[in-house]
1. For every helix of n ≥ 4 consecutive DSSP H residues, a contribution of -39,500 (n - 2.57) applies; sum these over the chain, divide by its total residues, and give [θ] at 222 nm rounded to the nearest 500 deg cm²/dmol.
2. Taking the DSSP beta bridges in segment 1-96 as the whole, what percent of them are antiparallel, to the nearest 5?
3. So for the chain: antiparallel DSSP bridges make up what percent, rounded to the nearest 5?
4. Report, to the nearest whole %, how much of the accessible area of the chain belongs to carbon and sulfur atoms, 1.4 Å probe, protein only.
5. Between segment 226-247 and segment 139-163, what's the alpha-carbon centroid distance in Å?
6. Which residues does the label zone of Asp280 cover in segment 223-253, counting backbone N under 12 Å from a point 7 Å along Cα→Cβ?
7. For segment 135-152, take each phi angle, set θ = phi - 60°, evaluate the Karplus expression 6.51 cos²θ - 1.76 cosθ + 1.60, and give the result in whole Hz per residue in order, putting x for glycine and proline.
8. Nothing charged except the Cβ atoms of Lys and Arg (+1) and of Asp and Glu (-1): what's the magnitude of the dipole of the chain about its Cα centre? Round to the nearest 20 debye.
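The values are calculated or read from the model by the stated rules, or taken from the named source; none is laboratory data. Please read all numbers here as calculations on a predicted model, not as lab measurements. Cβ sites come from the backbone with ideal geometry, for glycine too, and all protein chains shown count toward neighbours. To get the accessible areas, we keep the full protein, side chains included, count just its heavy atoms, and leave off ligands, DNA and RNA. Shrake-Rupley method; radii C 1.70, N 1.55, O 1.52, S 1.80 Å.
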Amino acid sequence: MPTRTALLEEVIPLTLDGYAYSGRVVHQPNARMAPIVLVGGAFQHQNAWGRLEQGFLEAASVITVDLPGWGGADRLPARYGFDFLAEALDQLLSKVAPSPVNILGGSYGTAVAYQWVRDHPGRAERMALVGTMSHLADHVRARVERTLLMAEKGRRAEFVECVVETMVCTSPGVTVARRPSIIRCLNRALHDMTADDIAKYQDNSERLLASPRLPGGPAVRVPALVTTGEHDPLSTPALSREAATRLPDARFTTFKDADHLVHLERPAEVVDLMTRFFADEPLVGLEYCHPVEHVRQRPMTTLPSPRPAGDR
């Protein structure tokens, strides 16, 4: 559902290397913390953060973006990596938020958020990654490759079914908040994708397949929070937790009764946890998630791919 707000909204058109894209700022004049930047996943647009945006606006201005290859932006060939997307994000933030920000990356957007924070030290106060992974596990690669095959062949019904099975835990013995309505909405959105939307999904997926692990280089030193749904079949809790161990100052937890689409299933709880984290408040006694742990950093190595949750 598109976000509606009476607060001052500003849309900023931008171009990088000839590719047009845009950012959007909803200003909160009574903000009590730094602006919150939202970088979304494969099917998220800058004006469709809904309840998450409305919740964050209680405390801060909110910045969203359609990076090249996203939403209403130009299509971006897969040969451009996440470093290019991070550069595009920095171009926006240099214009609208020269002071440090809090950044939240979701799913596909976690790679962009991580790269931007790593490449621009001092520009982020805190970083949250929702639905990320330490490396591209075999089961993830297989699922993504199958969606690409179905898209290439024009088999829309099978494409939709495959995407839903990739993101939603459909096990009947597992409780996932709002699962029936989420599946209906996701089905409708996927069936309504235009040819341009499909082409962008293909480019973005090929970019992901070409980037099998978190980028190396300087360590990300800001406080970080890594989380996902406890039943996430894509960026499983094991993969997400392993990503947290790559960071010097990271916390990790999982949301109860949620999977990869936790931002849709438990939006109020996501807002609460993130707002507490960005405000440096205690993350204890939260009934909607498992105890938050301060994980210990490990050296960057490739681990065996864990089995999907449904196969255990």
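1. Details: 10 runs with 112 residues, N = 312.
That calculation yields -11000 deg cm²/dmol at 222 nm.
2. Values: 13 of 16 bridges.
Just about 80 percent of them are antiparallel.
3. Values: 18 of 41 bridges.
Restricted to the chain, the bridges split so that about 45 percent are antiparallel.
4. Details: 6790 of 13450 Å².
Of the solvent-accessible surface of the chain, carbon and sulfur hold 50 percent.
5. 23 Å
6. 223
7. 7, 7, 5, 4, 5, 5, 4, 4, 5, 5, 4, 5, 4, 5, 4, 5, 5, 5
8. Details: 34 positive and 37 negative charges, 84 e Å.
Once rounded to the nearest 20, the dipole reads 400 debye.
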